[in-house]
1. If you roll a 1.4 Å probe over the heavy atoms of the protein chains, what accessible area per residue do you get for segment 20-65, in Å²?
2. Given the -39500 (n - 2.57) contribution per DSSP H run of 4+ residues, what per-residue ellipticity at 222 nm results for the chain, rounded to the nearest 500 deg cm²/dmol?
3. What are the semi-axes of the equivalent ellipsoid of segment 61-162, taken as the square roots of 5 times the eigenvalues of the Cα gyration tensor, listed largest first and rounded to whole Å?
4. Please work out, to two decimal places, the log10 of the ratio I(q)/I(0) at q = 0.12 Å⁻¹ from a Debye calculation in which every Cα of segment 1-145 carries one identical scatterer.
5. When the accessible area of the chain is computed with all protein chains present and a 1.4 Å probe, what percentage of it is carbon and sulfur?
6. For segment 67-127, list log₁₀ I(q)/I(0) at each q in 0.24 Å⁻¹, using the Debye formula over Cα point scatterers of equal strength and ignoring solvent, two decimals each.
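The values are calculated or read from the model by the stated rules, or taken from the named source; none is laboratory data. The structure displayed is predicted, hence computed values, not measured ones. What goes into the accessible areas is simple: the full protein's heavy atoms, side chains included, and nothing from ligands, DNA or RNA. Shrake-Rupley method; radii C 1.70, N 1.55, O 1.52, S 1.80 Å.
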Amino acid sequence: MIKSGDILISTPDVLGDYYFNRSIIMLTEVNADEVVGFIINKELEYTLSDLEDKVKNKGIKVFSGGPVNQDNLYFIHKHPELINNSIKFYNNLYWGGDFKECISLINNMKINNSSIKFFTGYTGWTYNQLIEEINSGSWVVSKNKTSDLFAKYTAKMWGENMKKMQGNFKIWSNAPDDPQKN
């Protein structure tokens, strides 16, 4: 039903959930026991250089990847030939690898926001837990569009996905974050 590289789009059923409200999650690991992914559309107000003093490039964005292990930095990229120990999870997408090597590549301007994305924390479920949430209508599973991962403007990504869906989802595409403030 789900596999690495799939996208989860939260439905209006999760309104009010701090982390998953209006979230789009890219799954990086799916096995019989667990599922791991990263929220790709919730940019934080600080950059990688705010978190890692060795980073010279002040423009590398950081996203809230999810509620698990928020004290750690994770990254998804398209550079296995440059970043050792990367883990392939879908077509030409990889996660993790040698962090020091990655920082050096950023400082030497060989990698930028168009091919790497950093996250504080990640999302995680048991496999059965996520399947139950999908079956109950909390998530819609979509096929991966790599361009979504490295999109420049992520704030409207959830609404744009709602517009593409059938039925009652379209009405939510322009709704404010808190419908009670409408």
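1. Accessible area per residue, segment 20-65: 45 Å².
2. Result for the chain, helices only: -4500 deg cm²/dmol.
3. Largest first, segment 61-162 gives 26, 16, 13 Å.
4. Per q value, in the given order, log10 I(q)/I(0) is -0.48.
5. Roughly 47 percent, rounded to a whole number.
6. Here log10 of I(q) over I(0) equals -1.03.
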